[in-house]
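Bear in mind that the values in this text are calculations on the coordinates, not laboratory data. Note that the coordinates shown come from a computational prediction; the quantities given were computed from them, not determined experimentally. For neighbour counting, all protein chains shown are included, and Cβ atoms are generated from backbone atoms with ideal geometry for every residue, glycine included.
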Amino acid sequence: MVRQEFVVLRYGHRLVRDYRVTSHCCLVARAFGASKIIVAGDKDEGLQKSVMDVAKRWGGKFEVCFTESWRKTLAQFKKKGFFVVHLTMYGLQLQKEIKKLRKKKKVLVIVGSQKVESLVYEQSDANIAVTGQPHSEIAALAVALDWLQKGKELGKQFKGARIRIRPVERGKRVIKAGGQKSN
């Protein structure tokens, strides 16, 4: 399997309406191995601050950026050699396309919020469906990133973490920097 780089483009963020879903897209992107999420739509510094605080405490390198033009951003990433995957329930089935997608070294994953313009479908290298049923873009992003990496990201250890989870059958075990344990 090719070592891949993933960047997520969140299409059409609306400050009041999409805050929670976009923040969850950011958290999923980070936890499932993306290096960055670019939010196209309303600039939301509170969202950026919140997600970067998570990254600071839980470790790893992750960026939250904003763009006024998804078109320019898409063109820039294509110029850098990224393969553009648009997650849409109208696309080709992930399970039938996954081998081809795993061969791509750099992948820009687009997840929408509002109605997606037809130009996104046309300019994407692949329109991929996680399922042909209505569902959450958060779920689609998690499933797609997981399948792209064959689940290997699930055990990832993030460098510089101040907080880590120690898996236990019942309850909670959190380890903070310096070895402090809390329940």
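Data table
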item	result
Residues H135, H86, H24, H13 arranged by fewest to most Cβ contacts within 10 Å	H135, H24, H13, H86
Residue pairs, from the table K100/K172; K80/K150; K80/K152, whose Cα atoms sit over 29 Å apart	K100/K172
Positive-end residue of F158, W70, L47, charge dipole of the chain with Cβ unit charges	F158
J(HN,Hα) series, segment 18-32, from Karplus relation 6.51 cos²θ - 1.76 cosθ + 1.60, nearest Hz, glycine and proline x	9, 3, 5, 5, 5, 5, 5, 4, 4, 5, 5, 4, 5, 5, 9
Bridge type composition, segment 5-182 - antiparallel percent by DSSP, nearest 5	20
Entries of K36/K104; K99/K159; K56/K103 with Cα pairs more than 24 Å apart	K99/K159; K56/K103
Simple Cβ-charge dipole of segment 55-183, Lys/Arg +1 and Asp/Glu -1, about Cα centre, in debye nearest 20	1020
For segment 5-182, convex hull volume per residue from C-alpha positions, Å³	132
Contact order relative to length of the chain, as percent, for alpha carbon pairs under 8 angstrom and 6 or more apart	26
For the chain, calculated [θ]222 nm from helices alone, where every DSSP H run of n ≥ 4 adds -39500 (n - 2.57)	-11500 deg cm²/dmol
